[in-house]
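So the structure is just underneath, and the comments pick up after that.
Read-outs throughout are calculated quantities, based only on the coordinates presented, and are distinct from any laboratory measurement. In this text the structure is predicted, and so the values were computed from the model without any measurement. For neighbour counting, all protein chains shown are included, and Cβ atoms are generated from backbone atoms with ideal geometry for every residue, glycine included.
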């Protein structure tokens, strides 16, 4: 009668051959053939995630370090492929959306497997988080680029700092532009999120993160207005923080 160790030893060469075929197919994939003008999850991602989930499930019982190493190789190969596919999209924001959708699907499938996804899941959660942060900045720059540029270059988060050289002529156009467009811009961002992200809940979390970041930028602008000479003349044009918070809560209730 064969012991588990003997069975593993006898099956490993065959398994390694199959595994290496999967790995090779990812590494040698033809990007132009695989690329589709669609930001939603690629079918190759689903295949990778399901294959990985089954191996992670098996590895819970055996805790095979060799398998962990090979899962890492496979993870690096799919990530490299996804980044190459993403670069086929002409706009940076669409590249980021594509990566978010694929990372999010991978995490969901690993979770569905009923096991802890281990290092693989943790890694994808980290890259998902970093890409969401990138998307938040990209979508805000589409609608509020002048405000963001001003806040980042002409104001300081420290009210006592002397680095702020702004005057009323600098801030007045920004304040009035925001007052005129902010609600319409948020609605456009909402529509963008709804159509871009496959996972509705993930999309709503991303929108909430974007609106929260917008609130932080606008708060810094209002603090700057308070410090400039004659800034009080713009008080009537300032949108109240409570109004922006209300919009954030309104979209949060979509859950």
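Could you check the spin-label model distance between residue 37 and residue 149? Points 7 Å from the Cα along Cα→Cβ, value in nm.
Result for the modelled spin labels: 3.0 nm.
What spacing in nm lies between the two simple spin-label points modelled at residue 167 and residue 72, each 7 Å away from Cα in the Cβ direction?
It works out to 5.9 nm between the two label points.
Taking the 0 to 90 degree range and rounding to the nearest ten, how far is the long axis of helix 92-112 tilted relative to the main principal axis of the chain, both from C-alpha atoms?
The two axes meet at around 50 degrees.
Give me the number: length gained by fully extending residue 215 to residue 129, i.e. 0.36 nm times residue separation minus the C-alpha to C-alpha distance, one decimal in nm.
Value of the extension gain: 29.0 nm.
Stretch residue 50-residue 28 to full length: gain in nm at 0.36 nm per residue minus the Cα-Cα span?
Full-extension gain reported as 5.9 nm.
For the chain, find the longest principal axis of its Cα atoms and tell me its angle to the long axis of helix 4-27, 0 to 90°, nearest 10.
Value to nearest ten degrees: 50.
For the chain, with a Gaussian network of springs between Cα atoms less than 10 Å apart, report the residue from 208, 191, 236 with the top mean-square fluctuation.
236
At residue 94 and residue 205, where each label point lies 7 Å from the Cα along Cα→Cβ, what is the point-to-point distance in nanometres?
The modelled label-to-label distance comes out at 2.6 nm.
Please give the helix 65-86 orientation as an angle from the longest Cα principal axis of the chain, in degrees from 0 to 90, rounded to the nearest 10.
With both axes taken from Cα atoms, the answer is about 50 degrees.
From the Cα gyration tensor of the chain, with a ≥ b ≥ c the square roots of its eigenvalues, which class applies: rounded if a/c is under 1.5, or else prolate if a/b is larger than b/c, or else oblate?
prolate
As a test of the formula, what do you get for the chain when each DSSP H run with n ≥ 4 contributes -39,500 (n - 2.57) and the sum is divided by the residue count, at 222 nm and rounded to the nearest 500 deg cm²/dmol?
-27000 deg cm²/dmol, from helical runs alone.
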